[in-house]
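Comments concern the structure below.
The values are calculated or read from the model by the stated rules, or taken from the named source; none is laboratory data. Everything numeric here is computed off the predicted structure, so don't read it as measured data. In this analysis, Cβ positions are derived from the backbone assuming ideal geometry, glycine residues included, and neighbour counts consider all displayed protein chains.
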Amino acid sequence: MANPQQKHQQPQQKTSVSSSPIPEIVTDDDDSDFVDEEISIGDREEEEPAAMIDPLYTQTPLVRDDLVTHTSEVQDETVKKCLPYLSAEDDVFEYNEHGVPRLAREKHVKFLHGNLGRFPARFVAADAARPWYMYWVLSALTMLGEDISSYKESVVSTARSMQNETGGFGGGQGHISHLATTYAVVLAITLVGDEEAYEVIDRKAMWKWLCSLKQADGGFQVCLGGEEDIRGAYCASVIITLLDLPLDLTPESPASKPDGSANLFTGLPDYVRRCQTFEGGISGQPDAEAHGAYAFCALGCLAILDHPGRIIPKYLNIPLLVSWLSSRQYAPEAGFSGRTNKLVDGCYSHWVGGCFPLIEACLNTTSNSLPAADQSLFSREGLIRYILNCCQEDTKRGGLRDKPGKPSDAYHTCYVLSGLSSAQHQWLLDEETKDWIVLPYLDEEQIFDPKDRVRPIHPVYAIPQQHVRAVKKYFGEKGGFF
Ligand code: FPP
Ligand code: K
Ligand code: ZN
């Protein structure tokens with residue numbers, strides 16, 4: 001399938017974009033570019049159809065495989081559903097001269113608040129995902145520039161009710177602890193955090209629990225006796241570093257060595273290496289199918305352990321990984337799929353799109369001799385089109401979605417916005433201070449309204465950098481607990 005990246009053949013030097021203002025550093029505390037202006041997406045007025053849409057986004061693919069399968073049929077249906085939106089031909093949105101609608105902030109904000117309220121009985125199966133709802137909603141509201149401080153008390157009491165004395169958080173009261181729900185609770189606390197919220201977490205019990213999940217092959221089980229996969233490894237790495245936990249292992253840990261030489265991170269990069277598949281992508285565990293969600297987890301783990309420029313090339317085949325990642329972007333839809341021969345989905349804007357800032361940081365450094373990425377490694381324009389044109393729920397409901405025809409939900413609202421944020425920003429890792437520096441991404445023409453820039457999020461932790469700094473500083477100063 002054609003790749004939108006192919007249309008950006010002319011090299012564009014970041015430093016020589018004459019029409020762009022000198023990029024200003026976006027500090028994390030600066031919300032000045034996030035304007036809460038009322039946005040009306042009413043009935044589309046009778047206007048000229050948008051002229052500035054590259055036919056790449058409005059035509060069916062030129063090269064087709066004759067073999068008709070279930071896969072080719074659902075792919076064709078998906079293209080058919082996306083094309084009216086991409087061509088600015090549906091009758092719901094108002095489009096700018098690039099054929100792109102505004103981000104319906106107010107509707108999304110309202111939808112998100114609703115997702116922290118009570119749900120109808122039929123949502124009972126989502127009960128074990130309550131920590132996730134806290135994270136998805138609070139993260140999305142934060143990216144939209146909303147003040148979430150009013151949720152602090154309820155995050156604190158909900159987290160308390162889900163914490164186990166044996167360490168970690170379950171998906172609800174009385175549930176056993178799981179790395180995914182613990183990760184979600186820790187991030188939600190970090191987002192609303194002040195010290196009172198941070199103090200809910202029993203770090204000593206958390207550390208002991210993580211030691212019991214750490215495996216001798218370098219990975220982590222997601223819960224005691226549960227499956228071992230790269231989600232677990234990423235969630236554990238995030239928790240360990242945000243809470244500044246000691247790396248030492250308890251003697252009871254399955255990964256503990258008699259000579260004391262193993263720690264919580266021992267063997268982790270090798271575990272990640274074993275998850276890269278013949279396709280170049282990353283699978284959930286060694287010898288399984290590559291999937292975008294796991295690529296983000298893999299790169300996140302490595303970037304936590306060391307500078308991406310040093311550690312990623314040491315453990316992963318970068319040309320193969322970049323080839324697999326860029327094959328995830330389709331034309332004309334312009335969004336990402338999660339795996340080979342599957343459909344585009346808005347959430348991969350984060351799981352796949354979020355890999356690129358880490359790959360770019362890996363290439364744009366002096367720590368290795370790989371060629372620098374002097375232009376975007378994927379079509380940011382395409383992804384932004386898929387997000388704004390195809391992923392915004394087009395009724396009063398608000399929220400963002402997988403693809404046209406699917407209802408919006410908190411999960412997609414969070415990850416579509418995370419993907420929008422990484423498409424709109426450029427991240428550089430300062431080699432000396434080890435600080436991430438963020439700039440608006442200005443290499444390509446900005447097809448979206450400047451007011452529709454969402455807040456930058458840390459390339460590894462996927463929440464604004466100032467929250468990451470604050471929690472690390474708090475626990476770093478507090479120190480160990482032996
Ligand atoms: C396939 O679903 C999806 C997966 C195999 C992995 C999903 C995992 C995540 C989204 C997140 C993991 C990360 C953390 C941090 C918990 P599908 O078959 O419905 O979708 P597809 O057709 O798009 O592959
Ligand atoms: K999916
Ligand atoms: Zn999805």
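Checking each residue in the range 226-236 for being more than 16 Å from ligand 3 (Cβ to nearest atom) and part of a helix (DSSP H, G or I) picks out Ile230, Gly232, Ala233, Tyr234, Cys235, Ala236.
So for the range 281-304 (the condition being in a loop (DSSP other than H, G, I, E, B), modelled with pLDDT of 95 or more and out of contact with any helix residue (DSSP H, G or I) (no Cβ under 9 Å at 6 or more places or on another chain)), does at least one residue qualify?
yes
Among the conditions (1) more than 16 Å from ligand 3 (Cβ to nearest atom); (2) surrounded by fewer than 19 Cβ atoms within 10 Å (Cβ to Cβ); (3) more than 18 Å from Val322 (Cβ to Cβ), Glu381 misses just one, which is (2).
If the requirement is being in a helix (DSSP H, G or I), away from ligand 1 (no atom under 14 Å from the Cβ) and either modelled with pLDDT under 95 or among the hydrophobic types (A, V, I, L, M, F, W, C) (or both), which of these qualifies: Ile239, Ile312? Break it down into steps so the answer makes sense when it comes.
Details: Ile239 fails: away from ligand 1 (no atom under 14 Å from the Cβ).
One residue alone meets the criteria, Ile312.
Scanning the range 249-257 finds no residues that are surrounded by fewer than 24 Cβ atoms within 10 Å (Cβ to Cβ), part of a strand (DSSP E or B), polar (S, T, N, Q) and in contact with a helix residue (DSSP H, G or I) (Cβ under 8 Å, 6 or more places away or on another chain).
Taken together, the criteria exclude Lys434 from residues that are of a type in the set (Lys, Arg) and part of a helix (DSSP H, G or I). Taken over the range 145-163, the residue count meeting the criterion of being touching an Asp or Glu at 6+ places or on another chain (Cβ under 9 Å) and of a type outside the set (Val, Ile, Thr) is 5. Within the range 312-343, the set of residues being buried (at least 23 other Cβ atoms within 10 Å of the Cβ), within 16 Å of ligand 3 (Cβ to nearest atom) and not hydrophobic (A, V, I, L, M, F, W, C) comprises Arg328, Gln329, Tyr330, Glu333, Gly335.
Within the range 444-464, does at least one residue satisfy the condition of being loosely packed, with under 14 Cβ neighbours inside 10 Å, farther than 18 Å from Phe296 by Cβ and touching a residue at least 60 places away in the same chain (Cβ under 8 Å)? Yes - at least one qualifying residue is present in the range 444-464.
Taking the criterion of being at pLDDT 95 or above, more than 19 Å from Phe482 (Cβ to Cβ) and within 16 Å of ligand 1 (Cβ to nearest atom), would at least one residue in the range 252-265 satisfy it? No; the residues of the range 252-265 include none that is at pLDDT 95 or above, more than 19 Å from Phe482 (Cβ to Cβ) and within 16 Å of ligand 1 (Cβ to nearest atom).
Does Ser72 meet the test of being at pLDDT 95 or above and under 30 Å from His175 (Cβ atoms)?
No.
Checked across the range 219-234, the condition of being surrounded by fewer than 23 Cβ atoms within 10 Å (Cβ to Cβ), among the aliphatic types (A, V, I, L, M) and within 19 Å of the chain's Cα centre (by Cα) holds for no residue. Of all residues in the range 164-179, those satisfying the criterion of being within 18 Å of Leu245 (Cα to Cα) and surrounded by 15 or more Cβ atoms within 10 Å (Cβ to Cβ) are Asn164, Gly167, Gly168, Phe169, Ser177, His178, Leu179.
Evaluated against (1) closer than 25 Å to Asp306 by Cα; (2) more than 15 Å from ligand 1 (Cβ to nearest atom); (3) within 14 Å of the chain's Cα centre (by Cα); (4) of a type in the set (A, V, I, L, M, F, W, C), Cys355 falls short on exactly one condition, (2). Residue pairs whose Cβ atoms lie under 6 Å apart, separated by 6 or more positions or on different chains, with the first residue in the range 330-342 and near ligand 1 (Cβ under 9 Å from one of its atoms) and the second charged (D, E, K, R), are Ser337/Arg328.
Restricting attention to the range 265-283 and to residues that are among the hydrophobic types (A, V, I, L, M, F, W, C) and buried (at least 23 other Cβ atoms within 10 Å of the Cβ), the residue that is farthest from Arg339 (Cα to Cα) turns out to be Leu268.
Confirm whether Leu388 is under 27 Å from Tyr234 (Cα atoms) and either crowded, with 23+ Cβ neighbours inside 10 Å or under 20 Å from the mean Cα position of the chain (by Cα) (or both). It is false that Leu388 is under 27 Å from Tyr234 (Cα atoms) and either crowded, with 23+ Cβ neighbours inside 10 Å or under 20 Å from the mean Cα position of the chain (by Cα) (or both). Beta carbons closer than 7 Å, at least 6 apart along the sequence or on distinct chains, pair a first residue in the range 52-71 that is in contact (Cβ under 8 Å) with a residue 12 or more places away in the chain with a second that is assigned to a loop (DSSP other than H, G, I, E, B) and of a type in the set (Asp, Glu) for Met52/Glu97.
Per the listing Gly260, Gly267, Gly309, the residue uniquely small (Gly, Ala, Ser), away from ligand 3 (no atom under 16 Å from the Cβ) and within 22 Å of Val222 (Cα to Cα) is Gly267.
Exactly one residue out of Gly480, Gly476 is out of contact with any Lys or Arg (no Cβ under 6 Å at 6 or more places or on another chain) and not in a loop (DSSP other than H, G, I, E, B), and it is Gly476. When His350 is tested against the conditions (1) closer than 18 Å to Pro459 by Cα; (2) buried (at least 21 other Cβ atoms within 10 Å of the Cβ); (3) more than 16 Å from ligand 3 (Cβ to nearest atom), the lone failure is (3).
Of the residues making up the range 360-377, none is in contact with a helix residue (DSSP H, G or I) (Cβ under 6 Å, 6 or more places away or on another chain), within 16 Å of ligand 3 (Cβ to nearest atom) and either in contact (Cβ under 8 Å) with a residue 40 or more places away in the chain or of a type in the set (D, E, K, R) (or both).
Leu370 meets the conditions (1) surrounded by fewer than 24 Cβ atoms within 10 Å (Cβ to Cβ); (2) of a type in the set (A, V, I, L, M, F, W, C); (3) within 16 Å of ligand 2 (Cβ to nearest atom) in every case but one. The failed one is (3).
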